[in-house]
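Contents: one structure, followed by commentary.
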Amino acid sequence: MTKQTTSPRVLEVMDTLNALGNPVIAAHSQRYFKTGPGEYGEGDVFIGIRVPVTRTVVRQFKDLSTPEIVELAQSPIHEHRLCAVLILTGQFKRAKTVQQRAELFEILLMLVSSGHVNNWDLVDSSAPYIGAYLLEMPDYSDLLLALAQSEDLWERRTAVMLTAALIRAGIYQPTLELCELLMTDTHDLIHKATGWMLRVVGDQDIVVLRGFLDTYSATMPRTMLRYAIEHLDKPERDHYLKQKSLLA
């Protein structure tokens, strides 16, 4: 657990969130986000706030300073960290300069590497949007590869989810390369992320998705395949599932 914050503004955010907590929702969240021993969210603490309610607090404190965002993100309370990540993402979307976006991008990576962005909702509510900074970097390949090869689950998921911004810009190859690399990953949350991003690729360019599936549908993890083909017509879904079954 990190030290008690001394920032009055951060304490105000925390107090506002704490007043909205619901123990019934908290108990459900503890199960849903797998906080038990040996599970991916082991030890995380929830106070029970639905995401739309958290977003009302985000709007109230949208101009929190970056040091205050980092401080809030170090809370042991999940909803505190989610609020911090959503404020960070909102500030990135509103940023007017490359320098501002670069700073916010680096803060996200720091929060991931330091273990404070440590569940799939925290990654997924930030990386797909803050990943737009990749388009302003001279070369992002080494960064994505390093994250994808990390032993940390959340760094690997961040690598995949950052590429959502590239997909929106019509750049598919980084996503395809990460999906190929991570096919041997042992964690279901990576299979879901890679399959999801492949599906997004297919939503923009079905030919690219079919090319990847024609090569890898028989060997990719079943969860990854099911996520990837979700928006295809049933005959085509059945075709790729049959290819998988033939190898099983």
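The values are calculated or read from the model by the stated rules, or taken from the named source; none is laboratory data. Since we're looking at a predicted model, the values are computed, not measured. In this analysis, Cβ positions are derived from the backbone assuming ideal geometry, glycine residues included, and neighbour counts consider all displayed protein chains. The protein model used for the area step is the full one, side chains on, heavy atoms only, and it has no ligands, DNA or RNA in it. Shrake-Rupley method; radii C 1.70, N 1.55, O 1.52, S 1.80 Å.
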Subject >> Exclusive hit being in contact with a Lys or Arg (Cβ under 6 Å, 6 or more places away or on another chain) and of a type outside the set (Ser, Thr, Tyr), set Ile206, Ile190 >> reply: Ile190
Original post:
Does Tyr32 count as in contact (Cβ under 8 Å) with a residue 60 or more places away in the chain and open to solvent by 20 Å² or more (accessible area, probe 1.4 Å)?
Top reply: no
Subject >> Scan of segment 170-188 for residues that are more than 13 Å from Ala228 (Cβ to Cβ) and surrounded by fewer than 19 Cβ atoms within 10 Å (Cβ to Cβ), ordered by number >> reply: Gly170, Ile171, Gln173, Glu177, Leu181, Thr184, Thr186, His187, Asp188
Original post:
Any residue at all in segment 71-80 that is open to solvent by 20 Å² or more (accessible area, probe 1.4 Å) and part of a helix (DSSP H, G or I)?
Top reply: yes
Subject >> Count of segment 3-37 residues which are part of a loop (DSSP other than H, G, I, E, B), closer than 20 Å to Asp121 by Cβ and not aliphatic (A, V, I, L, M) >> reply: 6
**OP:** Being under 23 Å from Ser7 (Cα atoms), outside any helix (DSSP H, G or I) and open to solvent by less than 70 Å² (accessible area, probe 1.4 Å) is the filter here, so list the residues in segment 45-70 that pass it.
**Re:** Val45, Phe46, Ile47, Ile49, Phe61, Leu64, Ser65
Original post:
If you go through segment 214-236 one residue at a time, how many are open to solvent by 70 Å² or more (accessible area, probe 1.4 Å) and part of a helix (DSSP H, G or I)?
Top reply: 7
